[in-house]
1. Counting only C-alpha contacts under 8 Å and six or more residues apart, can you give the relative contact order of segment 9-156 as a whole percent?
2. Give the label of the value calculated from the structure for Rg and Dmax of the Cα atoms in Å, choosing from (i) 17.7, 56; (ii) 14.3, 41; (iii) 17.5, 60.
3. Starting from 0.36 nm per residue, how many nanometres of slack lie between residue 44 and residue 91 once their C-alpha separation is accounted for?
4. If you place +1 on the Cβ of every Lys and Arg and -1 on the Cβ of every Asp and Glu, how big does the dipole about the Cα centre of the chain come out, in debye to the nearest 20?
5. Which aspartates and glutamates, if any, have their Cα less than 14 Å from the Cα of residue 72, not counting same-chain residues under 8 positions apart?
6. When the chain is fully extended, how far beyond the present Cα-Cα distance does residue 65 get from residue 105, taking 0.36 nm per residue of separation?
7. For segment 97-156, give the magnitude of the charge dipole about the Cα centre (Cβ charges: +1 Lys/Arg, -1 Asp/Glu; no others), in debye to the nearest 20.
8. Test of understanding: what is the full-extension gain from residue 33 to residue 82, defined as 0.36 nm times their sequence separation minus their Cα-Cα distance?
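Just so it is clear, none of the values below were taken in a lab; they were calculated from the coordinates. Predicted, not measured: the structure shown is a model, and the values here were computed from it. Cβ coordinates were reconstructed from backbone atoms using ideal geometry, including for glycine residues, and neighbour counts include every protein chain displayed.
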Amino acid sequence: MSIVEGKYSATMDMWPLQSKEMTRIHPFYDNLKEGRFTTTSCRDCGTRAFPPRVVCPECLSENLEYVDLPLKGKVLIVTEEEVGVPVGFETPLIHAMIELDDQLTVFARVMNCKMGDLKEGDEVKLVVYPVDPLPVDGKKGAINLQERVFYAFEKA
């Protein structure tokens, strides 16, 4: 048994903090938990940016709103890694540039796919999956586990 088994190491946590107390883009994660893929759109200039922002990258306005993105997209470019995959990921690690109905292009992980199976032009769909919970201090010294999710895509 490892001396770190069952322990939380903040320096090894690769998943983002998702609660309202920890990040200003918490609505993105709340929406993911509901199966919605969203980003921010500037109410002043109309710019959509991904990942979600708290300030518009175009006009620097803070007047942003969350908008839904398509749950399916088309693969533009594929990358596959078998060597040098970061700790916590299984091989092969596959990423793709994915076009979401001419609205936005995102770079994302593609899960449940074998090496060589994903090609340019393939359709992929959003997958929301649970990741390790975050231990947070509760009342009277209790440690509460905060559930977290993240996203990827898989072949449709």
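1. 19
2. Comparing each candidate, only (i) matches the computed number.
3. Net length gain for the segment: 12.6 nm.
4. 460
5. Partners within reach: 99, 101, 102, 122, 123, 154.
6. So the chain would gain 12.5 nm between residue 65 and residue 105.
7. It works out to roughly 460 debye.
8. Separation in residues times 0.36 nm, less the Cα-Cα distance, equals 14.6 nm.
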